[in-house]
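Values quoted throughout were computed directly from the atomic coordinates according to the rules given, and no laboratory measurement underlies them. This is a predicted model, so every value here is computed, not measured. So basically every Cβ, Gly included, is an ideal-geometry build from the backbone, and we count neighbours across all protein chains shown.
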Amino acid sequence: MVGEQSSISATGAIGVLREVKEFERRVALTPSAVRTLTERGHRVVVETDAGLGSGFRDDEYRSAGAEIASDPSSVFATATLLLHVKEPQPSEFALFGPQHTLFTYLHLAAEPSVADALCKSGCRALAYESVEVDGHLPLLVPMSIVAGRLSTQFAASFLEARHGGRGMLMGGLPGVEPTTVVVIGAGTSGRHAALVAAAMGAEVIVVDLDLERARDVATACGPLARAVASGPGVIDDLAPTAEVMVGAVLTPGKKAPIVITSSTLARMPEGSVIIDIAIDQGGCVEGVVPTTHAEPLRSMGHVRVSATPNMPAAVPRSATAALVAATLPYVSALADGYDQAVVRHPELAGAVNVANGRIVHTAVAAALGQ
Ligand SMILES: NC(=O)c1ccc[n+]([C@@H]2O[C@H](COP(=O)([O-])OP(=O)(O)OC[C@H]3O[C@@H](n4cnc5c(N)ncnc54)[C@H](O)[C@@H]3O)[C@@H](O)[C@H]2O)c1
């Protein structure tokens, strides 16, 4: 049941649901975001222990002005704007109704059963990944930053001998050579992978189809970094001295291109490491198989490869903070009502995936064959 403030109006609350998807530890609002919303006069109901995976206790949410609900059905009964991080799970399907607006990562093209359940419920569902501003996806960017930064952190650890790595310090030390890190793809995640590697003292090579973009990242990395235009044979030529390769490529709307082939792998030094960030789009290493946080490394010949699709799950507290910073302005607008919100943020209209019992997002509908 909803806790101590349940005398307040039972409509129009913002509901924060505990994530039920396996291994998901992020939460849709931090206590400080809750404070921002309650100070603006909104009522916020948080499911008990929703923040625990990210290190936030119920009493921190209470202090920020939230009410704590003991179960999901209390949140669904009290809130009209429902916040999640990942798509709803089967245990929640029957709780949605036409009074609800859901805002979360949905990826419905890959989740037909979720699409079906949301359509049947009559709710309106907006997807974080469908918010687009001038060709950019502002609610995906924070997770690409997290994945990019983590990729270097992981690589540094996987280079250690205890992981079967080459036994090298990422940044070397005075008088001892650093590792060479080749980052393929100079977009959001590649930029942050390169920046962290450079900050650790590694020698960084940034490769992109777009040389200007690669140059821009290399310049930000400092004097040890260089930029290379991608092209036939380029990655193979870099392989013999690359102790680390980070695959951070994206071809929007398509499977990731294979940029690290079996021949690249064969040329890399013994015990070197590849982090395939693009695994959520099929991966950019030839023959790669997804890994998990429990078993993050797999041997491919004499090279160790990590290809975990949900990298941000490793750092839920940082990932939650980054996500909420990006979503909060939209949550605040939606809490005032959908019609007002789309006036303030027209991009929210394009984020609606489900309304009036059907899939209304053209690309999602096409992917689902509707
Ligand atoms: N594993 C995870 O947890 C996780 C988290 C976030 C993002 N991702 C994935 O990481 C990938 C990169 O995301 P992003 O936001 O950095 O993308 P982005 O669009 O910002 O950057 C991609 C870059 O790849 C470059 N590129 C494309 N094809 C190339 C090629 N053949 N050779 C060299 N460069 C090439 C593009 O020019 C672009 O600069 C995506 O697949 C994304 O889905 C994974």
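Can you give me the relative contact order of the range 141-314 as a percent, contacts being Cα pairs under 8 Å and 6 or more apart? List each step's numbers first, then the result.
Working: 413 pairs, mean separation 34.8, N = 174.
Worked out over the range 141-314, it gives 20 percent.
Between the alpha-carbon centers of the range 318-352 and the range 60-81, tell me the distance in whole angstrom.
So the separation of the two Cα centres works out to 19 Å.
What percent does the relative contact order of the chain come to when contacts are Cα pairs within less than 8 Å and at least six residues apart?
Averaging sequence separation for qualifying contacts and normalising by length gives 16 percent for the chain.
How big is the dipole moment of the range 141-314 about its Cα centre under a simple scheme where the beta carbon of each Lys and Arg is +1, that of each Asp and Glu is -1, and everything else is neutral? Debye, nearest 20, please.
Value, rounded to 20: 220 debye.
Order these by the 10 Å Cβ neighbour count, fewest first: M300, M143.
Going from least to most buried by this count: M300, M143.
Based on the alpha-carbon gyration tensor of the chain and its eigenvalue square roots a ≥ b ≥ c, which shape applies: rounded if a/c is under 1.5, prolate if not and a/b is larger than b/c, or oblate?
Note, shape of the chain comes out prolate.
Among P312, A147, I184, whose Cα sits farthest toward the positive end of the charge dipole of the range 141-314 (+1 at Cβ of Lys/Arg, -1 at Cβ of Asp/Glu, about the Cα centre)?
Sorting the options by dipole projection puts first P312.
Quote to one decimal, in nm, the extra length available between V289 and S63 on full extension: 0.36 nm per residue of separation minus the C-alpha distance between them.
76.9 nm is the gain from fully extending V289 to S63.
Applying the Karplus parametrisation 6.51 cos²θ - 1.76 cosθ + 1.60 with θ = phi - 60° to the phi angles of the range 128-141, what ³J(HN,Hα) value in whole Hz is obtained for each residue in order, glycine and proline being reported as x?
Along the range 128-141, the couplings run 3, 6, 9, 6, 10, 10, 6, x, 9, 10, x, 9, 9, 3 Hz.
Assuming a ≥ b ≥ c are the square roots of the Cα gyration tensor eigenvalues, decide whether the range 276-370 counts as rounded (a/c under 1.5), prolate (otherwise, with a/b larger than b/c) or oblate.
oblate
Apply 1/(1 + (r/R0)^6) to the Cβ-Cβ distance of A161 and A325, taking R0 = 35 Å, and write down the FRET efficiency to the nearest 0.05.
0.40
Using amide H atoms built 1.01 Å from N in the peptide plane, name the residues 5+ places from L82, or on other chains, whose amide H lies under 5 Å from its own.
HN-HN under 5 Å from L82: G15, T101, L102, F103.
Quick one: which residues, 5+ away or cross-chain, put their amide H under 5 Å from the amide H of V204? H built at 1.01 Å from N.
Under 5 Å from the amide H of V204 lie the amide H atoms of V181, A225, R226, each far enough along the sequence or on another chain.
Show me, for the range 276-290, the HN-Hα J-couplings you get by feeding each phi into the Karplus relation (A = 6.51, B = -1.76, C = 1.60, θ = phi - 60°), rounded to Hz, glycine and proline as x.
Whole-Hz 3J(HN,Hα) from phi for the range 276-290: 9, 5, 6, 4, 5, 10, x, x, 10, 10, 4, x, 5, 10, x.
In whole Hz and in residue order, list the ³J(HN,Hα) couplings for the range 51-57 that follow from phi through the Karplus curve 6.51 cos²θ - 1.76 cosθ + 1.60, θ = phi - 60°; x for Gly and Pro.
These are the phi-based 3J(HN,Hα) values: x, 4, x, 9, x, 10, 8 Hz.
With each pseudo-label sitting 7 Å past Cα toward Cβ, what's the T251-A266 distance in nm, one decimal?
Taking the two extended label points, one gets 2.4 nm.
Run the paramagnetic zone check for D216: 7 angstrom along Cα to Cβ, then residues of the range 123-148 with backbone nitrogen under 14 Å.
135-137
Shape of the range 141-314 from its Cα gyration tensor (a ≥ b ≥ c, root eigenvalues): rounded if a/c is under 1.5, otherwise prolate when a/b > b/c, or oblate?
Rounded.
Tell me which GluC sites (Glu not before Pro) from the range 128-215 have a DSSP coil assignment and no more than 16 other beta carbons within 10 Å of their own.
Sites meeting the loop and neighbour criteria: E132, E160.
Based only on other Cβ atoms within 10 Å, what is the fewest-to-most ordering of R62, R166?
R62, R166
For the chain, what does the helix formula give at 222 nm: sum of -39500 (n - 2.57) over DSSP H segments with n ≥ 4, over the residue count, nearest 500 deg cm²/dmol?
Counting only the DSSP helices, I get -9500 deg cm²/dmol.
In nm, give the distance between the simple-model label positions of V141 and R40, each being 7 Å from the Cα along the Cα-to-Cβ direction.
Roughly 1.9 nm, to one decimal.
Just rank V273, V217, fewest to most, by other beta-carbon atoms within 10 angstrom.
If I rank by nearby Cβ atoms, fewest first, I get V217, V273.
Quick one: of the DSSP bridges fully inside the range 141-314, what percent are antiparallel, nearest 5?
DSSP beta bridges in the range 141-314 are roughly 15 percent antiparallel.
Give me the lysines in straight-line cross-link reach of K21: C-alpha distance below 18 Å, same-chain residues under 8 apart excluded.
K86
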